[in-house]
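Written out below as structure tokens is the structure these notes cover.
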Amino acid sequence: MTARISLLTLSVLSVAASPARAGEPANPPPVETSPAAPSRWRFGVGYAPMLGLKTEFSGLGTFHSAFAPQALGGGVNYNYDNGFVHVDSSNNAGGATTNWGYQNNSQYHAAGTGSIDYSLTNSLANGRAQDDSSAQQGFEGYAYLDMGAVGIPALKDRGATWGFRAGLHYARVSANNGGLVAADVTTLTDSFNLGGTLAPSAPFSGSFGGPGPLLNDAPTRSIATGGQALVVGSRELDVDLTTFSLGSYLELPLARNFSVMLEAGLSAGLASGSYDFHSATSITGLGTQQSSGHDSNTSVLPGVYVGLEAIYQLNQAWAIQAGARYQYMHDYTLDANGSSAALSFNSAFVLSVGILHSF
């Protein structure tokens with residue numbers, strides 16, 4: 001009897017301990033999961049100043065004579081920076097006039113029958129100044145799309161990958177120059193013969209009605225370039241430059257968490273800026289003339305870029321990046337009242353340091 005009770009007790013305990021009860025489903029088997037595939041996309045932002053920009057200011061030193069040269073011949077009113085030769089009351093009878101005047105004794109030449117030289121002086125407005133801009137503040141955002149292993153066996157065996165890169169860069173460019181500039185001067189000289197008459201001392205001014213010393217009214221002319229005008233003033237170019245770039249890259253691992261990246265592609269800059277200048281141009285003996293101008297414009301600047309980047313992987317999602325790229329684009333030029341400002345990218349580089357994130 002005791003043996004039967006023990007057997008019955010063990011059967012009850014066995015049923016109570018069973019995980020599956022009547023009317024209830026059994027526990028499902030565990031589900032096996034695989035790790036998520038790494039993202040093909042990486043996004044980054046960084047600080048990216050531009051270096052090596054050059055700005056050339058040209059067309060500086062405008063100085064114009066108050067008088068325009070007359071065609072050669074007698075019976076004409078001539079006006080010069082240092083005197084005049086006009087028609088007199090006799091209508092220049094005999095090809096000579098009493099209605100003339102000059103300012104400086106240096107204009108008189110006693111050789112031969114004597115002569116008086118008159119001049120008109122103008123600058124060529126060819127003064128130039130250059131500003132080698134210091135580093136310009138810049139920022140950028142960019143994205144990489146991984147296209148997988150490189151097909152070249154030598155690189156593929158080292159784990160090299162390739163893909164596409166797109167970037168957007170912004171920089172504020174400011175160039176200022178206030179240095180002393182020189183511009184060349186051209187001088188037109190007309191020589192009038194005195195016909196043996198002794199010239200009165202300068203300054204002298206004859207009369208329309210006479211009488212007075214006679215001066216031949218048909219000059220000989222020469223034009224020469226020589227001497228310089230001095231230019232002082234300010235030149236300012238301010239540009240907001242936004243550059244979009246699109247290209248490809250080759251990434252080569254060098255260590256477990258470190259890789260280098262070569263990248264190259266096309267770019268297009270949107271430059272919106274303004275140019276202002278003010279000049280005071282002086283010529284010895286003739287005085288000083290003021291000139292100024294303003295221009296603003298927005299232009300698209302096509303270009304190319306090539307760069308080298310270094311990437312250190314902090315973890316699966318985050319990395320830090322630093323590098324440099326050569327950024328060439330067409331010049332950005334503004335013209336204002338005869339003067340020009342040209343921003344050149346022939347030796348422009350973008351230095352960058354930023355952070356990358358993989359999703």
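Quick one: how many residues across region 283-339 are surrounded by 16 or more Cβ atoms within 10 Å (Cβ to Cβ) and of a type in the set (Val, Ile, Thr)?
The total comes to 3.
Of all residues in region 132-151, which are surrounded by 17 or more Cβ atoms within 10 Å (Cβ to Cβ) and closer than 30 Å to Thr281 by Cβ?
Ser133
Just to verify a result, which residue in region 247-288, among those that are outside any strand (DSSP E or B) and among the aliphatic types (A, V, I, L, M), is farthest from Met329 (Cα to Cα)?
Of everything passing the filter in region 247-288, Leu286 is farthest from Met329 (Cα to Cα).
Hey, can you tell me all the residues within region 151-205 that are under 42 Å from the mean Cα position of the chain (by Cα) and under 30 Å from Asp81 (Cα atoms)?
Gly178, Gly179, Leu180, Val181, Ala182, Ala183, Asp184, Val185, Thr186, Thr187, Leu188, Thr189, listed by residue number.
Let me spell it out: the conditions are (1) in contact (Cβ under 8 Å) with a residue 12 or more places away in the chain; (2) within 21 Å of Ala160 (Cβ to Cβ), and Ala255 meets all of them except one. Which number is the exception?
For Ala255, the exception is condition (1).
Identify the residue in region 212-241 that is β-branched (Val, Ile, Thr) and surrounded by 14 or more Cβ atoms within 10 Å (Cβ to Cβ) and, among all such residues, is nearest to Ala199 (Cα to Cα).
Checked region 212-241; the qualifying residue nearest to Ala199 (Cα to Cα) is Val231.
Are there any pairs with C-beta distances below 7 angstrom linking a residue in region 191-212 that is over 22 Å from Asn91 (Cβ atoms) to a residue that is among the β-branched types (Val, Ile, Thr) and not in a loop (DSSP other than H, G, I, E, B), with the two at least 6 apart or on different chains, and if so which?
Listed by first residue and then by second, the contacts come to Ser191/Thr220; Ala199/Ile116.
Looking only at region 111-127, count every residue that is under 19 Å from Asp190 (Cβ atoms), touching a residue at least 24 places away in the same chain (Cβ under 8 Å) and among the aliphatic types (A, V, I, L, M) and tell me the total.
2
Is it the case, given these coordinates, that Ser133 is farther than 30 Å from Asn79 by Cα, in contact (Cβ under 8 Å) with a residue 60 or more places away in the chain and of a type in the set (Gly, Ala, Ser)?
yes
Can you pull out the strands (runs of 3 or more DSSP E) entirely within region 17-93 that have at least 1 residues that are at pLDDT 95 or above and either closer than 30 Å to Asn176 by Cβ or β-branched (Val, Ile, Thr) (or both)?
It comes to 41-47, 54-60, 83-85.
Which of the residues spanning region 152-211 are buried (at least 17 other Cβ atoms within 10 Å of the Cβ), out of contact with any Gly (no Cβ under 7 Å at 6 or more places or on another chain) and in a loop (DSSP other than H, G, I, E, B)?
Answer for region 152-211, where residues must be buried (at least 17 other Cβ atoms within 10 Å of the Cβ), out of contact with any Gly (no Cβ under 7 Å at 6 or more places or on another chain) and in a loop (DSSP other than H, G, I, E, B): Ala160, Ala202.
Residue pairs, Cβ under 9 Å, 6 or more apart or interchain, first in region 305-318 and closer than 20 Å to Ala48 by Cβ, second modelled with pLDDT under 95 and among the hydroxyl-bearing types (Ser, Thr, Tyr). List them.
As it stands, the answer is Trp318/Ser358, since those pairs meet every condition given.
Is there a residue in region 294-305 that is more than 15 Å from Val239 (Cβ to Cβ), of a type outside the set (Ser, Thr, Tyr), part of a strand (DSSP E or B) and over 14 Å from the mean Cα position of the chain (by Cα)?
yes
Picking from Arg172, Arg221, Arg165, which residue would you name as being closer than 29 Å to Thr62 by Cβ and not acidic (Asp, Glu)?
After applying the criteria, what remains is Arg221.
Test Glu236 against the criterion of being farther than 22 Å from Gln137 by Cβ and among the charged types (D, E, K, R), and give yes or no.
no
Can you give me the number of residues within region 105-122 that are outside any helix (DSSP H, G or I) and either over 47 Å from the mean Cα position of the chain (by Cα) or among the hydrophobic types (A, V, I, L, M, F, W, C) (or both)?
Of the residues in that region, 10 qualify.
Among the residues of region 307-332, which ones are modelled with pLDDT under 95 and in contact with a His (Cβ under 8 Å, 6 or more places away or on another chain)?
Answer for region 307-332, where residues must be modelled with pLDDT under 95 and in contact with a His (Cβ under 8 Å, 6 or more places away or on another chain): just Ala317.
The values are calculated or read from the model by the stated rules, or taken from the named source; none is laboratory data. Predicted, not measured: the structure shown is a model, and the values here were computed from it. Note that we place each Cβ from the backbone using ideal geometry, even for glycine, and neighbour counts take in every protein chain shown.
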